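Throughout, read-outs are computed from the coordinates displayed, never taken from laboratory work. Everything numeric in this text was worked out from a predicted model, so none of it was measured. Backbone-built Cβ (ideal geometry, glycine too); neighbour counts: all protein chains shown.
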Amino acid sequence: MDREVLLAEVLRHLAEGTAEAGHEIALAAADADEGDPAAHGLAALASFWLGDFAEATAQAATGLAAAQDDRARAACLAAAVLAAAGDLDARPPDRALLSRLLADADEPGSRWWSAVRYLAAEAALVSARIGEAAVLDDAGPPAGAAWAGHPFAPIMWVCQARIAAFSGRIEQAQAMLAAVRASVVPGSRVAPVAEAVAVLVQGNAGDAEVGLVAEQIARNVPSVPRDFIDRGALLLLAFGAIAVYDVAAAAALVFRAGADEALSRCTLIDRALAFETLLHAALLAEDPDAVAVWLGTLADLAAHPVTRPSVQRARGRAALDAGDAATAIDLLTRSVEGCLAEDRGVEAAEGQILLARARIQQHELGTASRTLRALVAGSDRTGHAAVRRAAGAVLAASGRRLPPVAGAGWDVLSEREAEVARAVLAGLEVDQIAARLFLSPSTVRAHVSRVLCAFGVATRVGLLAAVGGAGGAGGAGAAGAPAGARLSPRQAEVAEHVAAGRTNQQIAELLGISVKGVEKHVGDVLLRWEAGSRFEIARIWWAGSAGSAG
């Protein structure tokens, strides 16, 4: 059988849930007279799909030893790396050689090389080397595009979304969901895993409603998972549940995904994350015997470089629960460092949340607060909103709060902050607000800074512009100005720009006049409107706009 025809046939079997048949035809091609060594690599892929990692390692090694050309060599190497992701006893394959073979590919956009590049990226991803997976995936055109129309293409698109999601780049992952869904035939066998990756992404984006969606998707997965796709769908749903801290739901999904109590058909990283989930559930249930059981299962994975950071985090979680903050800090610090080194963004964030809890337990609230603020600032930029919720809960327990989401407006303000915002908009100064609300001036200033951050502005004039603009008011107005204080057309233009928060330099450029000219017009408006500041000009202007809009 032609090599590329065989590849397409094996991938079809993997997508359709008949990996055993794919394994058989690959072995037949390998054992035929003048058999193709690349077929051993495809047999290894099918074995991996079925969770038989030792067989996958053996087949990949056989093919690699016999390979005579770069295409066969690369396919067998990619399969070997993939197999090692689940085989605790596998020797480390030559990943550097695989990268060189991919870089030197004669037709990088061909179906063969696109599939091999997907396998290499998938292998790096399921080995929790997420930065490496991203580099491999970016090394050529999207594999899913090269295989458009083939039933396996959605799995290739799902891989890209998973790379972005597990790195913590949630906005990027959300953007990829359209390509994932567009590649799926509704009702097809791969549809649940495509929707499961959306649950993972949306859970990390802070959507607390993913649980209901996850329940519906899980019903479409066989009660006994057949292969990598079924197990993957259930585990993605579990990790989505973890993102919204539904630990009980995640634990139930983990048990479904595992073929036995050792989760032996799952990859090493999935075993570690699953056992950590079960440990977390046992800690929440205050079940010390179960805690000991899951710590024992994690011990077998503690030394492996792929799973070491996850095991350290799980042990740190247990130490934290036991009140041993010093041990927790040591374990969690090493875990976070290991995760960051491999761009394991979601795992690193969870470790940093736990590390902050441990520091608070050691009465290092200031350090914990600063660390969480920095973490949230970064996660906000990538759309990883679940981090903000988790960090906020940790600080709230200690009487502190995170800065609001910049630009989110009224919705993220507390009742007191909203009260301060209304007082600012009414023209009150800090001392006046403090007297009215029975607060210290320093407390008022802290509230004002949070208000300005919530509206994404640096000044009180900017706040007026943000609130006025949000209200839908338009057109210059001066309903709040003294009677008879009409402005000239040019003065009205300048007043409108002041109200929008623009500087004299910006106004000069917009109107094509000198800065000195703008200063004169601003001075005239101050006199005519009996205003004491630019803020008063803005307040009068927005009051007039609100009136004219009504």
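State whether segment 496-535 is rounded, prolate or oblate according to the following rule on the C-alpha gyration tensor (a ≥ b ≥ c being the square roots of its eigenvalues): a/c under 1.5 gives rounded; otherwise a/b larger than b/c gives prolate, and the remaining case gives oblate. Cα axes put segment 496-535 in the oblate bin. Against the empirical 2.2 N^0.38 Å (N residues), segment 3-183 has a Cα radius of gyration ratio of 0.95. The convex hull built on the alpha-carbon positions of segment 85-190 has an orientation-averaged projected area of 7.1 nm².
Which length gain, in nm to one decimal place, applies between Ala292 and Asp431 when the Cα-Cα distance is subtracted from 0.36 nm times their residue separation? Intermediate results must be reported in sequence, preceding the final value.
Details: separation 139, 0.36 × 139 = 50.04 nm, distance 5.76 nm.
Here the answer is 44.3 nm.
Quick one: Cα convex hull volume of segment 323-378, Å³ per residue?
On the way: hull volume 3.4 nm³, N = 56.
It comes to 61 Å³ per residue, whole-number rounded.
Helix-derived [θ] at 222 nm for the chain: sum -39500 (n - 2.57) over DSSP H runs of at least 4, divide by residue count, nearest 500?
Numbers: 30 runs with 383 residues, N = 550.
Taken over the chain, the calculation gives -22000 deg cm²/dmol.
Label positions at Ala103 and Asp69, each projected 7 Å from the Cα along the C-beta direction, are separated by 2.4 nm.
Under 8 Å for C-alpha pairs, at least 6 residues apart: give me the relative contact order for the chain, rounded to a whole percent. Intermediate results must be reported in sequence, preceding the final value.
Values: 884 pairs, mean separation 47.5, N = 550.
Normalised by residue count, the contact order of the chain is 9 percent.
One quarter of the convex hull surface built on the alpha carbon atoms of segment 306-352 amounts to 2.6 nm², the projected area averaged over directions.
Count Lys and Arg as plus one, Asp and Glu as minus one, and take only other residues whose Cβ is under 11 Å from that of Val244; the net charge is then -2. Rounded to two decimals, the Cα radius of gyration of segment 327-459 over 2.2 N^0.38 Å is 1.22.
Which three numbers, in whole Å and largest first, are the semi-axes of the equivalent ellipsoid of the chain derived from its Cα gyration tensor as √(5λ)? Can you show the working numbers first?
On the way: eigenvalues 636, 171, 71 Å².
Gyration-tensor ellipsoid for the chain: 56, 29, 19 Å.
Taking other residues whose beta carbon is less than 13 angstrom from the beta carbon of Ser110, and scoring Lys, Arg as +1 and Asp, Glu as -1, yields 0. Between Leu212 and Ala303, residue separation times 0.36 nm minus the direct Cα-Cα distance comes to 29.0 nm. Once the gyration tensor of the Cα atoms in segment 290-396 is diagonalised, the equivalent ellipsoid follows with semi-axes of 23, 17, 11 Å, ordered largest first. Report the full-extension gain for the segment Asp524 to Arg445: residue separation times 0.36 nm, less the Cα-Cα distance, to one decimal in nm. The Asp524-Arg445 span can extend by a further 25.3 nm.
Each peptide in 247-254, 70-77, 89-96, 232-239 gets a packing score, the mean of other Cβ atoms within 10 Å over its residues, and the list from highest to lowest is 232-239, 70-77, 247-254, 89-96.
May I ask for the percentage of alpha-carbon pairs in segment 24-98 that lie more than 14 Å from each other? Before the final figure, lay out each step's value.
Numbers: 1399 of 2775 pairs.
Distances greater than 14 Å cover 50 percent of the Cα pairs.
Evaluate the distance, in nm, between pseudo-label points positioned 7 Å from the Cα of Ala393 and of Ala139 along their respective Cα→Cβ axes. Reported label-point gap for Ala393 and Ala139 is 4.0 nm.
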